[in-house]
Amino acid sequence: MKQIFLSITICMLFFMSCKNKTTQQTSSDLTNQKWWKEAVVYQIYPRSFKDSDGDGVGDLKGIISKLDYIKSLGIDVVWLNPIFGSPNDDNGYDISDYRGIMKEFGTMADFDALLKGMHERGIKLVLDLVANHSSDEHEWFKQSRSSRINPYRDYYHWWPAEKGKPAHRWSFFDVNADAWKFDSATNAYYLHYFSRKQPDLNWENPKVRKEIFDMMNFWFDKGIDGFRMDVIPFISKDTTFPELPKEYNGDMVAYYANGPHLHDYLKEMNKEVLSKHNVMSVAEGAGVTAATAHNFVDEDRNELNMLYHFEGTGYGYVPGKFKVPEPDGYKLVGFKEIYSKWDSIFATKGWGTIYLGNHDQPRMVTRWGNDAPEFREVSSKMLTTFLLTMRATPYYYFGDELGMSNIKFDKIEDYNDIETKNHYILLQTQKGDIKEFMESAKISARDNGRTPFQWDATANAGFTSGKPWLKINPNYKNVNVAAEVGNVNSCLSYFKNAVQLRKNNKVLVYGKYELLDKANEKVYAYTRGEGADKVLVILNFSKEKIIWNLPAGLAVDEKPLLNNYTTFSANGPIALEPYQAIVVKVK
Ligand code: ISL
């Protein structure tokens, strides 16, 4: 029980917040414009986008066949989850060949064609850098585990068993939540913060850093435009592996994320790799807080461009439990506080990101909107409006443009994800609440965001001619590209309009953000910009009709720039329909 509580606490803390108050925003930053600040990033989970060869798994040729669709969205950058050689214990986040393409996904020739096709269409390509750990099937690890004197031994973290059992380290995906795995070949334990098949690389070893930097340069030389860096704050560790001090109080993630040499390594990476190319970099900001965020992204630090935090997507779960949603749903006032705080963190220095969905998250409409049939589309459009009108680079997850929602599996056998499956086993062992876990997973499990993309109403949603690797959401008959593409009122058309609105109005990128009516429990309203160049965004986050009063002194145009309903009256109190979203120019 104690262990289960610890794991849960650790998990929750991973998502949790930063407590420091930061400076107030001052003025709009129009002096330091960059392409990656203005970009809309579209994330593709390649396994689930489009299968070209009928094996049930999406692939690079599949993406190539849909480049015109991607282009039609108006987005600027595509981020692909890992496409490298991998035994797929964690769907590509366990890499066995950093310079080769995963067999199921195709060949290097396919990759070259994909990159060319994107660049021809003016789209940039960002790949996933998974360098905290490799696969245990990587040649480095095979060598490393073979003998204590092998030249690759120090590529990983080993603890000789004659010293006794190492101090406990928690693991995300281990069935015993134990990050040390005993390996009899050399009578030693190796470290794996994630699954047993994802041993942690030893960044203290300069040879490891050189291997990673050379590999990054290899991809940049091919012409890619950036990296998203998986759990990058975990790369530096105290390699004496002491007992965790009492004051950590279960907050292992903060401990993982603040290794003593982290920023030395990021500076070295910048010098050896990033500074040599005109590219973008974004850290998965695991364990990063308001207090530490600037250390990663401030320009004068010469490290990375952006990071994404977990405070937003970790919000609304019951504290102390593993991704169990609050029974009455999340509270909008707290949600507004988080996003307002993260705006203020980067108001004068650095730059933020914003996302509501990704491959580790459920579908945004289920988690943050309302996926009941009468509200799915409007609430999905409302969330799209939010993502595309904040001062931060939006990372928009594929399928959200269609309003795709959670599949909500009933049976554990339907899940593919190692996180869900192994947590289930852990709970069984520890006699935890399986029923609560399975119900919560319908809202929060990662596979909800990984079901295949819905292209049309034909068999398997037009994703594959074979058996899909993960079940397809039965709502594909109505929710699909073919049904939405010609419909001006569809989620898809709305997304394209919202992207164009952002592109045509730099105030939506750089303009000052000001929260209005912060105590309102149903409406999230804010302005962007100042003086003559200012817009008002009003988002009804509830399923109720609301009358919302414009703050004194604020007058707006009659005709909104964006509206997910046809009704709007700028005169007097504003009547909002359920989940109505309005962007309108301030007069
Ligand atoms: O997915 C999570 C919660 O549901 C996180 O705990 C996740 O494991 C964490 O955000 C780290 O994520 C990244 O590294 C993992 C990989 O499984 C994730 O897909 C990736 O985004 C290990 O490489």
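The values are calculated or read from the model by the stated rules, or taken from the named source; none is laboratory data. On a predicted model such as this, the values are computed, not experimentally measured, just so you know. Quick reminder, even Gly has a Cβ in these numbers, built from the backbone with ideal geometry, and neighbours come from all protein chains shown. Just so you know, the surface numbers come from the protein's heavy atoms only, side chains and all, with ligands and any DNA or RNA stripped out. Shrake-Rupley method; radii C 1.70, N 1.55, O 1.52, S 1.80 Å.
A few notes on this one:
- Pairs with Cβ under 6 Å, 6+ apart, first in the stretch 554-566 and without any contact (Cβ under 8 Å) to a residue 60 or more places away in the chain and closer than 11 Å to Tyr494 by Cα, second surrounded by 19 or more Cβ atoms within 10 Å (Cβ to Cβ) and of a type outside the set (Asp, Glu): Asn563/Ile582
- Per-region count, the stretch 525-551, residues under 28 Å from Phe375 (Cβ atoms), surrounded by fewer than 16 Cβ atoms within 10 Å (Cβ to Cβ) and free of Cβ contacts under 8 Å to residues at least 24 places away in the same chain: 0
- Subset of the stretch 331-362 [assigned to a loop (DSSP other than H, G, I, E, B) and either aliphatic (A, V, I, L, M) or within 19 Å of Ile538 (Cα to Cα) (or both)]: Lys331, Ala347, Tyr355, Leu356
- Subset of the stretch 31-46 [open to solvent by less than 40 Å² (accessible area, probe 1.4 Å) and in contact with a helix residue (DSSP H, G or I) (Cβ under 8 Å, 6 or more places away or on another chain)]: Lys37, Val40, Tyr42, Ile44, Tyr45, Pro46
- Restricted to the stretch 434-464, and to residues there that are of a type in the set (Phe, Trp, Tyr) and either farther than 30 Å from Gly316 by Cβ or away from the ligand (no atom under 16 Å from the Cβ) (or both), the residue that is nearest to the chain's Cα centre (by Cα) is Phe453.
- Members of the stretch 99-117 found to be within 16 Å of the ligand (Cβ to nearest atom) and open to solvent by 10 Å² or more (accessible area, probe 1.4 Å), listed by number: none
- Filter pass, Ala257 being touching a residue at least 12 places away in the same chain (Cβ under 8 Å), of a type in the set (Gly, Ala, Ser) and in contact with a Phe, Trp or Tyr (Cβ under 9 Å, 6 or more places away or on another chain): yes
- Tyr510, sole failed condition from (1) open to solvent by 10 Å² or more (accessible area, probe 1.4 Å); (2) touching a residue at least 12 places away in the same chain (Cβ under 8 Å); (3) not hydrophobic (A, V, I, L, M, F, W, C): (1)
- Matching entry among Phe194, Phe173 (being under 24 Å from Asn91 (Cβ atoms) and either in contact with a strand residue (DSSP E or B) (Cβ under 7 Å, 6 or more places away or on another chain) or charged (D, E, K, R) (or both)): Phe194
- Residue check, Lys543 among the basic types (Lys, Arg) and under 32 Å from the mean Cα position of the chain (by Cα): yes
Residue by residue, here is whether (1) buried (at least 20 other Cβ atoms within 10 Å of the Cβ); (2) within 16 Å of the ligand (Cβ to nearest atom); (3) assigned to a helix (DSSP H, G or I) holds:
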{"residue": "Asn217", "(1), (2), (3)": "no, no, yes"}
{"residue": "Lys271", "(1), (2), (3)": "no, no, yes"}
{"residue": "Ser281", "(1), (2), (3)": "yes, yes, no"}
{"residue": "His294", "(1), (2), (3)": "no, no, yes"}
{"residue": "Asp300", "(1), (2), (3)": "no, no, yes"}
{"residue": "Leu307", "(1), (2), (3)": "yes, yes, no"}
{"residue": "Gly314", "(1), (2), (3)": "no, yes, no"}
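- Selection status of Asp128, within 16 Å of the ligand (Cβ to nearest atom) and closer than 26 Å to Met306 by Cα: yes
- Filter pass, Lys522 being surrounded by fewer than 19 Cβ atoms within 10 Å (Cβ to Cβ), closer than 30 Å to Asp371 by Cβ and at pLDDT 95 or above: yes
- The lone exception for Phe227 - which of (1) open to solvent by less than 10 Å² (accessible area, probe 1.4 Å); (2) in contact with a Pro (Cβ under 8 Å, 6 or more places away or on another chain) it fails: (2)
- Close Cβ contacts (under 6 Å, 6 or more residues apart or on different chains) running from residues in the stretch 398-422 that are free of Cβ contacts under 8 Å to residues at least 12 places away in the same chain to residues that are of a type outside the set (Asp, Glu) comprise Lys421/Tyr415.
- Qualifying positions in the stretch 219-251 - in a helix (DSSP H, G or I) and among the β-branched types (Val, Ile, Thr): Ile232
- Test: residue in the stretch 390-406 that is closer than 19 Å to Asn497 by Cβ, open to solvent by 30 Å² or more (accessible area, probe 1.4 Å) and away from the ligand (no atom under 16 Å from the Cβ): no
- A count restricted to the stretch 80-98 and to residues that are outside any strand (DSSP E or B) and within 13 Å of the ligand (Cβ to nearest atom) stands at 11.
- Residue match in the stretch 99-108 (condition: in a loop (DSSP other than H, G, I, E, B), in contact with a strand residue (DSSP E or B) (Cβ under 8 Å, 6 or more places away or on another chain) and in the same structural domain as Met216 (by TED's automatic domain parsing)): yes
- Any chance Tyr248 is surrounded by fewer than 16 Cβ atoms within 10 Å (Cβ to Cβ) and among the aromatic types (Phe, Trp, Tyr): yes
- Single unsatisfied condition, Glu326 versus (1) surrounded by 19 or more Cβ atoms within 10 Å (Cβ to Cβ); (2) of a type outside the set (Ser, Thr, Tyr); (3) away from the ligand (no atom under 16 Å from the Cβ): (1)
- Spans of helices (runs of 4 or more DSSP H) in the stretch 1-71 with at least 3 residues modelled with pLDDT under 95, over 18 Å from the mean Cα position of the chain (by Cα) and within 16 Å of the ligand (Cβ to nearest atom): 2-15
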